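This report refers to the structure that appears directly beneath it.
The values are calculated or read from the model by the stated rules, or taken from the named source; none is laboratory data. It should be emphasised that the depicted structure is a prediction, and the values quoted were computed from it without experimental measurement. Every residue, glycine among them, receives a Cβ derived from its backbone with ideal geometry; neighbour counts consider all protein chains shown. The accessibility values were calculated without ligands, DNA or RNA, using every heavy atom of the protein model including side chains. Shrake-Rupley method; radii C 1.70, N 1.55, O 1.52, S 1.80 Å.
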Amino acid sequence: MSPESLRREIWVVCADRDGEIPDVCFELLGKAAFLAARDDSRACAVFFGETPGAPALFASGAEKVYLLSG
């Protein structure tokens, strides 16, 4: 295992509502990115939905986005 794969992750769970990602998801990702920078963790988004929102989640501070659709 590489040291990169052993980094802790701070997850923010997000879901789209009526095709839009709620603003609170972006706010929480910003806070997660701030906390992650303090202890060399990684801010991650777990996204439920059909909206192609990954670029916006990355722009808000996510280093990794887990996309789940159902």
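Determine the percent antiparallel among the DSSP beta bridges restricted to the chain, to the nearest 5.
Antiparallel bridges make up about 10 percent of those DSSP assigns within the chain.
Could you give the size of the charge dipole of the chain about its Cα centre, using +1 on the Cβ of each K and R and -1 on the Cβ of each D and E, expressed in debye and rounded to the nearest 20?
Numbers: 7 positive and 11 negative charges, 59 e Å.
About 280 debye.
Given the Cα-Cα distance of Phe34 and Ser69 and 0.36 nm per residue of separation, how much length would full extension add, in nm?
9.8 nm
Identify unpaired cysteines across the chain, taking unpaired to mean no other cysteine Cβ lies under 4.7 Å from the residue's Cβ.
Cys44
For the chain, compute Rh as the Kirkwood radius over C-alpha pairs and then the Stokes-Einstein diffusion coefficient at 37 °C and 0.692 mPa s; write the answer in µm²/s, rounded to an integer.
Details: Rh = 12.2 Å.
Value of D from the Cα-based Kirkwood radius: 270 µm²/s.
Counting heavy atoms of the protein chains only and a 1.4 Å probe, report the per residue accessible area for the chain as a whole number of Å².
Heavy-atom accessible area per residue stands at 67 Å².
Among the trypsin sites (Lys or Arg not before Pro) within the chain, which fall in a DSSP loop and have no more than 16 other Cβ atoms within 10 Å of their own Cβ?
Taking the chain and a limit of 16 other Cβ atoms within 10 Å, the loop trypsin sites (Lys or Arg not before Pro) found are Arg7, Arg8.
List the GluC sites (Glu not before Pro) within region 4-70 that DSSP assigns to loop and that have no more than 15 neighbouring Cβ atoms inside 10 Å.
Working: sites: Glu4, Glu9, Glu20, Glu27, Glu50, Glu63; in loops: Glu50, Glu63.
Those that pass, being in a loop and sparsely packed, are Glu50.
Rounded to the nearest 10 degrees, what's the angle between the helix 23-38 long axis and the longest principal axis of the chain, both from Cα atoms, 0 to 90?
The answer is roughly 0 degrees.
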